[in-house]
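The values are calculated or read from the model by the stated rules, or taken from the named source; none is laboratory data. Given the structure is predicted, the values throughout are model-derived calculations rather than measurements. Here the Cβ is made from the backbone with ideal geometry for all residues, glycine too, and neighbour counts use every protein chain on show.
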Amino acid sequence: MGKYAPLQSFLQCSKKSFERLSFGHLSEILGFELPRSARVHRAWWGNDTTGHSHARSWLEVGWQVRSVDLTDGTVEFVRTVQRRPASRIAPNRGGSVKSSKCETLLSVGHQQRILVLIPCSMSKVSGGEREYRLDAGGPLGRLPPHLIKELVDLRVHIAKLLDECIDNDLRTASGRTTVPLLPAWKRYQGSLYKQVSPDLWQTCLNRNEVDVVIISALYGVVPAGEWIRDYDASMAQKTAAGRLCTIWKKLGLPRLLREFIRINGYSIVCDLLSLDYGKAVAGYAADLGDISVKRPNMAQYRSGSTYHRGIKLAKILVALLEPSVSS
């Protein structure tokens, strides 16, 4: 099956009886464009493995293609084998999280708080509300004024490089804005973000055990619930002053992230950052004392690593928040 493994994982994790996917969404899941034959030949979607080895990606996990629309570029998969109930995730005697489905990344005690770091996405939804709302009790709201000022200064500096207007979202100042804003978890629409359901995002935002923080090419450090604009930038982007990942690092983002981690009292950091985003904060883990930093090996997935980062994030959140998610 090889390169179609991400599709198999997607269908295997689905809780639905059918999945209707656009070819574009499928390409995001796979991490590469569908071959031309898939877009022009209905036979490519046949439910047999004779000359169609890719079909194993859905047949081996109990799914079939029910219909395909080459004009609209959509395909509908239907489940043919009843989904087994997911094993309940429960603390073991030592208080750590266990799961037969999800690999154990984190050993979590009752008083521990977890930070998960993920990269921003070039794929975003447009629109939103023209008002910035700072969560005073959230990760940014806990920072002392001098660190908030440092972050604001960095955001404004990068915004000027990118020719973005300076507004309250960059200043972390509650109030009306000229640009429409959405919570970050809703704004980003890349394949990483799509692996976490809206209900799971909401549960995460309402709980204290775990925070998801996005390393952003415009904002630097962005809690998943912070209201942000639609912008066009990534850490790999080149500007007149150099690549954004290099600029952020030189401006002190690693040190600021280190202080962010300390002040918010995290015990464990799970780092799911991709290459250029990791470069932007390189060195933040130094001098963190007893705070453990875990970096799962994502290089093995190559072009499909973004999707697998999303799967990893979803598994971590379910493992940590499962009692609330399943109730």
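Points worth noting:
- When region 179-196 is limited to residues that are in contact (Cβ under 8 Å) with a residue 60 or more places away in the chain and surrounded by fewer than 20 Cβ atoms within 10 Å (Cβ to Cβ), the one that is farthest from Leu272 (Cα to Cα) turns out to be Lys186.
- Positions within region 27-69 being in contact with a Phe, Trp or Tyr (Cβ under 9 Å, 6 or more places away or on another chain), part of a loop (DSSP other than H, G, I, E, B) and farther than 24 Å from Tyr301 by Cβ, in sequence order: Asn47
- In region 102-123, residue farthest from Asn208 (Cα to Cα) [restricted to those that are modelled with pLDDT under 95, touching an Asp or Glu at 6+ places or on another chain (Cβ under 8 Å) and buried (at least 19 other Cβ atoms within 10 Å of the Cβ)]: Val108
- Residue within region 143-156 that is touching a strand residue (DSSP E or B) at 6+ places or on another chain (Cβ under 9 Å), over 19 Å from Val213 (Cα atoms) and assigned by TED's automatic domain parsing to the domain that holds Asp230 present: no
- Failed condition for Leu320, given (1) modelled with pLDDT of 95 or more; (2) of a type in the set (A, V, I, L, M, F, W, C); (3) not in a loop (DSSP other than H, G, I, E, B): (1)
- Apart from one condition, Ser121 fits all of (1) in contact with a Lys or Arg (Cβ under 6 Å, 6 or more places away or on another chain); (2) not in a helix (DSSP H, G or I); the exception is (1).
- Residue within region 263-286 that is touching a strand residue (DSSP E or B) at 6+ places or on another chain (Cβ under 7 Å), among the charged types (D, E, K, R), at pLDDT 95 or above and closer than 30 Å to Ser9 by Cα present: yes
- Condition met for Ala233 (in a loop (DSSP other than H, G, I, E, B), surrounded by 18 or more Cβ atoms within 10 Å (Cβ to Cβ) and touching a Cys at 6+ places or on another chain (Cβ under 9 Å)): yes
For every residue, the table says whether it meets (1) in contact (Cβ under 8 Å) with a residue 24 or more places away in the chain; (2) touching a helix residue (DSSP H, G or I) at 6+ places or on another chain (Cβ under 9 Å).
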{"site": "Cys120", "(1), (2)": "yes, yes"}
{"site": "Tyr132", "(1), (2)": "yes, yes"}
{"site": "Val152", "(1), (2)": "no, yes"}
{"site": "Lys160", "(1), (2)": "no, no"}
{"site": "Asp163", "(1), (2)": "no, no"}
{"site": "Thr172", "(1), (2)": "yes, yes"}
{"site": "Thr177", "(1), (2)": "yes, yes"}
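- Note on region 25-61: among residues that are of a type in the set (Gly, Ala, Ser), surrounded by 13 or more Cβ atoms within 10 Å (Cβ to Cβ) and closer than 16 Å to Pro6 by Cβ, the one that is modelled with the highest pLDDT is Ala38.
- Every condition in (1) part of a loop (DSSP other than H, G, I, E, B); (2) surrounded by 15 or more Cβ atoms within 10 Å (Cβ to Cβ); (3) modelled with pLDDT under 90 holds for Ser305 except the one numbered (1).
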